[in-house]
Amino acid sequence: GGSSTPGTFPFDEPIHAPGGMLSSVRELGRYGRMHLNGGELDGERILSEARIEEARTPVSQRETLVDGTPQEYAYGWMVREFLGDTLVCHGGSIGVFTAFIGYLREAGIGVAVQCTTQPETHPMYAGPAALAVALGEEPTEAVPHLALKRGLSELTGEYASYRDIMTLHVEQMGGGLALKAESDREGAMELPLVPKNIGDDVWEFTTAEASGAAVPIRFEHHEDGMDLYYQRWRLHKTA
């Protein structure tokens, strides 16, 4: 048995209303169910349907995911297409725990996730993965973060051209890759690779060289392994 140590609560202005919400996972689930039910909870009207609809109607685009899906922002909710449905969701963190709440409008299912430590997979990705499982879908294919995480690990390693004229090393860097030279010809070249298009057999990235030129980088998976295409070079994964 362990013991608890009293501590002060993390303080940050975004926690102030209306910029933050503190709740248990059970109550967070009830909050999500109220939104999913159009403003009703346990037979009681909490908010009007008009307010619920207003809250989840996008007013701006927040970002674009690596699979090309636009993630829009409404009034307190992030909204995007997910498995042919509309995912209404949000996540958060105050340093000592992280959380996610989200629901699918057409399927009529939702999930609330919280954890007290910084996990390997944030609830922002674990939540949609749980929704995918509930729909009988493969999470690593449905959730861009998981697809990216799986794919990047498969792409890392050593690559060599014909007769080892050119050798390159690929390693993971954040949400992308880093391409490093292993030959005297390229010196100490190191290029960040930003995902542009992720797929099962073909992965496309882009990078910017010292000249300022935008250069496409492509990985292709064949029966005999993985190939890397960079400028005029075709390199095969050797390790």
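The values are calculated or read from the model by the stated rules, or taken from the named source; none is laboratory data. Bear in mind the structure is a predicted one, so any value in this text is a computation, not a measurement. Cβ atoms come from the backbone with ideal geometry, glycine included; neighbour counts cover every protein chain shown. Areas reflect the complete protein model, heavy atoms only, side chains present, ligands, DNA and RNA absent. Shrake-Rupley method; radii C 1.70, N 1.55, O 1.52, S 1.80 Å.
Estimated from the Cβ-Cβ distance and a Förster radius of 35 angstrom, the FRET efficiency linking residue 4 and residue 121 is about 0.85.
The equivalent ellipsoid that matches the C-alpha gyration tensor of region 136-200 spans semi-axes of 29, 12, 8 angstrom, in descending order.
Let me check something: with ligands and nucleic acids excluded, how do 221, 35, 122 order by accessible area (1.4 Å probe), largest to smallest? Don't skip to the answer; put the middle values down first.
Working: 221 90, 35 10, 122 40 Å².
Sorted descending by solvent-accessible area, the residues read 221, 122, 35.
What is the diffusion coefficient of region 111-239 in µm²/s, taking the Kirkwood radius over Cα pairs and the Stokes-Einstein relation at 25 °C with a viscosity of 0.890 mPa s? Translational D for this selection: 152 µm²/s.
Expected output is a single nm value to one decimal: the length gained when fully extending between residue 63 and residue 27, i.e. 0.36 nm times separation in residues minus the C-alpha distance. What is it? Don't skip to the end; give the middle numbers.
On the way: separation 36, 0.36 × 36 = 12.96 nm, distance 2.87 nm.
Gain on stretching residue 63 to residue 27: 10.1 nm.
Could you tell me what a quarter of the Cα convex hull surface of the chain works out to, in nm² with one decimal place? Don't skip to the end; give the middle numbers.
Numbers: hull surface 75.6 nm².
About 18.9 nm², averaged over all directions.
Largest mean-square fluctuation among 136, 127, 157, in a Gaussian network model of the chain whose springs join Cα atoms under 10 Å apart, belongs to 136. Helix-only arithmetic for the chain: the sum of -39500 (n - 2.57) across DSSP H runs with n ≥ 4, divided by the residue total, places the mean residue ellipticity at 222 nm at -5500 deg cm²/dmol. The protection proxy used here, the mean number of other Cβ atoms lying within 10 Å of each residue, ranks peptides 211-217, 105-111, 223-229 as follows, highest first: 105-111, 223-229, 211-217. With the highest mean first, a sort of the peptides 165-177, 44-56 on other beta-carbon atoms found within 10 angstrom per residue produces 165-177, 44-56. With an a/c value of 1.5 or above and a/b not larger than b/c for the gyration tensor axes a ≥ b ≥ c computed over the alpha-carbon atoms, region 38-125 is described as oblate.
Between 84, 68, 39, the GNM of the chain built on Cα springs shorter than 10 angstrom shows 84 fluctuating the most. Accessible surface area normalised per residue over region 98-185 is 48 Å², counting heavy atoms of protein chains with a 1.4 Å rolling probe. Two decimals is fine: what is log10 I(q)/I(0) at q = 0.14, 0.19, 0.20, 0.23 Å⁻¹ for region 68-180, from a Debye sum with one equal scatterer on every Cα and no solvent? Log10 I(q)/I(0), no solvent term: -0.67, -1.01, -1.08, -1.29. Note on the chain: GNM, Cα springs under 10 Å; of 148, 28, 41, the largest mean-square fluctuation is that of 41.
How are the alpha carbon pair distances in region 167-239 distributed across 5 Å bins from zero to the largest one, expressed in percent? Pair shares across the bins are 4, 15, 26, 31, 17, 6, 1, 0.
In the chain, what percent of the accessible surface is made up of carbon and sulfur (1.4 Å probe, ligands and nucleic acids excluded)? Present the calculation step by step, with values, prior to reporting the outcome.
Working: 6930 of 13880 Å².
Looking at the chain in its full context, I get 50 percent from C and S.
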